[in-house]
Amino acid sequence: CPVSLHRKYMRAFVKQFSRYVIVGLVSVTLDIVTLVALREWVGLHPIIAVMLNQVIVISFNFLLNKYWSFTSKTMLHRQFVRYILLAAINYGIAVSAMGIFHSLLEIDYRIVRLSTIAVSVLWNFFLYKWWVYKVESVDRR
C-alpha cells in the first residue's frame with residue numbers, strides 16, 4: 001500500500017534526521033567548547049583556534065554520523081574522501097567567515113562561528129544522506 005510505504009519512509013527519515021540533529025547539537029557543543037578553550041585559555045587567535053578545533057569536530061562528526069545517524073557500515077574510504085571534501089568546503093567557509101566577520105568587521109567570534117554552523121546544517125544533511133553516506137548498489141552481473 002503506497003500510504004504505508006510513505007509512512008514507513010517518513011518514520012525512517014524522521015529517525016535519521018533526529019539522530020543527525022542530536023549529533024549536530026553534540027558537535028556544536030564540542031565545537032564551541034574547544035573554540036573558546038583554544039581562544040580564551042590557550043590564547044590562540046580566533047582564526048588559528050577555529051582551524052585547530054575543526055580537526056577535532058570533523059573527526060567526531062564523521063564517525064558518529066556514519067555509524068549512528070546514517071548507519072552506514074560500508075565504503076569507509078570512499079565515504080571518508082567525500083566527507084573530507086565537504087568538510088573542506090565547510091572549513092573554508094568557517095575560516096573565511098572568521099576572517100571577514102571577526103577580523104575585519106569586529107563581530108564576536110562566537111557569533112560568527114554559530115552563524116556558519118547554522119548555514120551549513122541544512123545542506124550537510126542532504127549531502128550526507130544522498131552523497132557521502134549513500135549506499136551504492138553493487139553490480140552483480
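The values are calculated or read from the model by the stated rules, or taken from the named source; none is laboratory data. Since we're looking at a predicted model, the values are computed, not measured. All Cβ positions, even for glycine, are placed from backbone atoms using ideal geometry, and neighbour counts span all protein chains on display. Just the protein is used for accessible areas: all its heavy atoms, side chains included, with ligands, DNA and RNA removed. Shrake-Rupley method; radii C 1.70, N 1.55, O 1.52, S 1.80 Å.
Every test in (1) at negative phi; (2) at pLDDT 90 or above is passed by G43 save one, and that test is (1). The single condition from (1) open to solvent by less than 60 Å² (accessible area, probe 1.4 Å); (2) over 24 Å from A37 (Cβ atoms); (3) of a type outside the set (S, T, N, Q) that Y109 fails is (2).
What about A49, is it closer than 25 Å to H102 by Cα and either more than 18 Å from the chain's Cα centre (by Cα) or not in a helix (DSSP H, G or I) (or both)? For A49, the condition - closer than 25 Å to H102 by Cα and either more than 18 Å from the chain's Cα centre (by Cα) or not in a helix (DSSP H, G or I) (or both) - is not met.
Looking at I22, I58 in this structure, which one is over 15 Å from A87 (Cβ atoms) and either of a type in the set (A, V, I, L, M) or not in a helix (DSSP H, G or I) (or both)? Checking each option against the conditions leaves just I22.
Under the condition of being of a type in the set (A, V, I, L, M, F, W, C) and at positive phi, the residues counted in the stretch 46-89 number 1.
Within the stretch 22-33, restricting attention to residues that are touching a Leu at 6+ places or on another chain (Cβ under 8 Å) and over 15 Å from Y91 (Cα atoms), the residue that is surrounded by the most Cβ atoms within 10 Å (Cβ to Cβ) is V23. Of all residues in the stretch 34-71, those being without any contact (Cβ under 8 Å) to a residue 60 or more places away in the chain and open to solvent by 40 Å² or more (accessible area, probe 1.4 Å) number 19.
I107 passes every criterion in (1) assigned to a helix (DSSP H, G or I); (2) at pLDDT 90 or above; (3) more than 28 Å from A12 (Cα to Cα) apart from (1). Against the test of being more than 19 Å from I117 (Cβ to Cβ), without any contact (Cβ under 8 Å) to a residue 60 or more places away in the chain, under 13 Å from the mean Cα position of the chain (by Cα) and buried (at least 16 other Cβ atoms within 10 Å of the Cβ), the options R82, R19 yield a single qualifying residue, R82.
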